[in-house]
């Protein structure tokens, strides 16, 4: 066992973890933050995306021991301080960017990373950035629309085919 | 996954020492190794994480040669190498997806030498030098076959040094599901000639297309390749494409890389 101390959504947390404990297992099974989902468990689908030191990573493909000292943000840390939805979350709701919702935590975390790097992305840039996040319900149109709207751009011209 | 311990050394010397124990294996970004461990295709007793070794992270200019630390992430190379090495930065920015690029490292990719990985093509086309904890190895001597390199047991890639090309570009024909290279071609033009490295195509892993290099060294233009053809012998055949198809793609992607080189 290795002792890890990390900051999760602003709170310091210490746990003993096995070498082969994945970051997503620590978050979900030990800490109880089940908003982060495990879809494929093979680092393809992106449902488990969280931020580690401000960058999106797939928490099913990183060991908890490697997060020692890191600042981790999960979907539970994305809402505003008063509990209301963040701009990105509200845009997903407003533009029907989800159906079953399973991929949504990863989509929101990836979208937040994109908008931090590129505050006014083009539609093509949004689609390219979502390369590692798979949604099997929406066909992506409304996810792209939601992210464009969250960036403050006019989305009336984006067709929801 | 089988059980193992993780160590997180903070210096190269400590990492090398930790790797001396039985069944110890280095862990870099883990974007290949962790899925491998999940499939129980590897059973190390100990993983030695290289991600906390600050002397192995970052880019620096060494008299016109770009030195990239072995634990530098793809995303960092994509964002920082473009000024002097636009082909290399473009290649790094198209590996995997954004989250993978935030973890995966150049040293891990080079050391693994996946036959469809992108970085081996960049290293070979630049005539890069692979720096390890104990020596320097020319890229021409480093890649020795599919998933095989000149690295010894417990030897780690601490940096890769890339000479600055006059023009360079990487073109990847992606396998549409995995987005790995069906065929990827890196073209780099230097004062003393052109180097063309091909990944994804050969059963022996990355290789140089010397015939193409000679033609392009005489005339750096896509047309210079018109009369050439690439043999399908030794090319990979799988459900995504035949050996003939891959051989054809080598020339097509080389032409595209030459046309796009800057």
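Key figures for this structure:
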read-out: Qualifying position, being touching a strand residue (DSSP E or B) at 6+ places or on another chain (Cβ under 9 Å), part of a strand (DSSP E or B), within 22 Å of residue B:101 (Cβ to Cβ) and within 13 Å of chain B (Cβ to nearest Cβ), among A:4, A:57; value: A:57
read-out: Conditions (1) assigned to a loop (DSSP other than H, G, I, E, B); (2) in contact with a strand residue (DSSP E or B) (Cβ under 8 Å, 6 or more places away or on another chain); (3) within 14 Å of chain A (Cβ to nearest Cβ); number of the one not met by residue B:96; value: (2)
read-out: So residue A:13, is it assigned to a strand (DSSP E or B), in contact with a strand residue (DSSP E or B) (Cβ under 7 Å, 6 or more places away or on another chain) and at the interface with another protein chain (Cβ under 10 Å from one of its Cβ atoms); value: no
read-out: Residue B:122 vs. criteria under 25 Å from residue B:154 (Cα atoms), surrounded by 24 or more Cβ atoms within 10 Å (Cβ to Cβ) and modelled with pLDDT of 95 or more; value: yes
read-out: Residue in the stretch B:31-39 that is farther than 25 Å from residue A:49 by Cα and in contact with a helix residue (DSSP H, G or I) (Cβ under 7 Å, 6 or more places away or on another chain) present; value: no
read-out: Condition met for residue A:107 (away from chain B (no Cβ under 14 Å), over 12 Å from residue B:98 (Cβ atoms) and at pLDDT 95 or above); value: no
read-out: Test set (1) under 22 Å from residue B:94 (Cα atoms); (2) touching a residue at least 40 places away in the same chain (Cβ under 8 Å); (3) crowded, with 23+ Cβ neighbours inside 10 Å - residue A:132 fails condition number; value: (3)
read-out: Subset tally (residues that are more than 7 Å from chain A (Cβ to nearest Cβ) and either touching a residue at least 60 places away in the same chain (Cβ under 8 Å) or part of a helix (DSSP H, G or I) (or both)) for the stretch B:1-33; value: 15
read-out: Residue that is nearest to residue B:76 (Cα to Cα) [pool: residues in the stretch B:99-112 that are in a helix (DSSP H, G or I) and in contact with a strand residue (DSSP E or B) (Cβ under 6 Å, 6 or more places away or on another chain)]; value: B:106
read-out: Test: residue in the stretch A:113-133 that is touching a strand residue (DSSP E or B) at 6+ places or on another chain (Cβ under 6 Å) and at pLDDT 95 or above; value: yes
read-out: Test for residue A:83: is it away from chain B (no Cβ under 14 Å), closer than 30 Å to residue A:30 by Cβ and under 14 Å from the mean Cα position of the chain (by Cα); value: no
read-out: Residue identified as under 20 Å from residue B:126 (Cβ atoms), in contact with a strand residue (DSSP E or B) (Cβ under 9 Å, 6 or more places away or on another chain) and not in a helix (DSSP H, G or I) among B:250, B:258, B:194, B:230; value: B:194
read-out: Single unsatisfied condition, residue A:33 versus (1) in contact (Cβ under 8 Å) with a residue 60 or more places away in the chain; (2) more than 13 Å from chain B (Cβ to nearest Cβ); value: (1)
read-out: Enumeration of residues in the stretch B:151-166 that are under 14 Å from the mean Cα position of the chain (by Cα) and closer than 28 Å to residue B:236 by Cβ; value: B:157, B:160, B:162
read-out: Qualifying residue in the stretch A:77-84 (condition: farther than 21 Å from residue B:1 by Cα, surrounded by 17 or more Cβ atoms within 10 Å (Cβ to Cβ) and touching a strand residue (DSSP E or B) at 6+ places or on another chain (Cβ under 6 Å)); value: no
read-out: Restricting the stretch B:34-51 to residues that are more than 10 Å from chain A (Cβ to nearest Cβ) and without any contact (Cβ under 8 Å) to a residue 40 or more places away in the chain, the residue that is nearest to residue A:61 (Cα to Cα); value: B:36
read-out: Criterion (within 12 Å of another protein chain (Cβ to nearest Cβ), closer than 25 Å to residue B:47 by Cβ and outside any helix (DSSP H, G or I)) met by exactly one of A:25, A:43; value: A:43
read-out: Out of A:95, A:51, sole residue that is in the same structural domain as residue A:141 (by TED's automatic domain parsing) and either farther than 22 Å from residue A:13 by Cβ or in contact with a helix residue (DSSP H, G or I) (Cβ under 9 Å, 6 or more places away or on another chain) (or both); value: A:95
read-out: So residue A:141, is it over 30 Å from residue B:51 (Cα atoms), out of contact with any helix residue (DSSP H, G or I) (no Cβ under 8 Å at 6 or more places or on another chain) and either surrounded by fewer than 24 Cβ atoms within 10 Å (Cβ to Cβ) or within 11 Å of another protein chain (Cβ to nearest Cβ) (or both); value: yes
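For (1) under 12 Å from the mean Cα position of the chain (by Cα); (2) more than 23 Å from residue B:249 (Cα to Cα), each residue gets a yes or a no:
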| site | (1), (2) |
| --- | --- |
| B:86 | no, no |
| B:99 | no, yes |
| B:114 | yes, no |
| B:117 | yes, no |
| B:132 | no, yes |
| B:142 | yes, yes |
| B:145 | no, no |
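The values are calculated or read from the model by the stated rules, or taken from the named source; none is laboratory data. Bear in mind the structure is a predicted one, so any value in this text is a computation, not a measurement. As a convention, Cβ positions derive from the backbone with ideal geometry for all residues, glycine included, and neighbour counts pool all protein chains shown.
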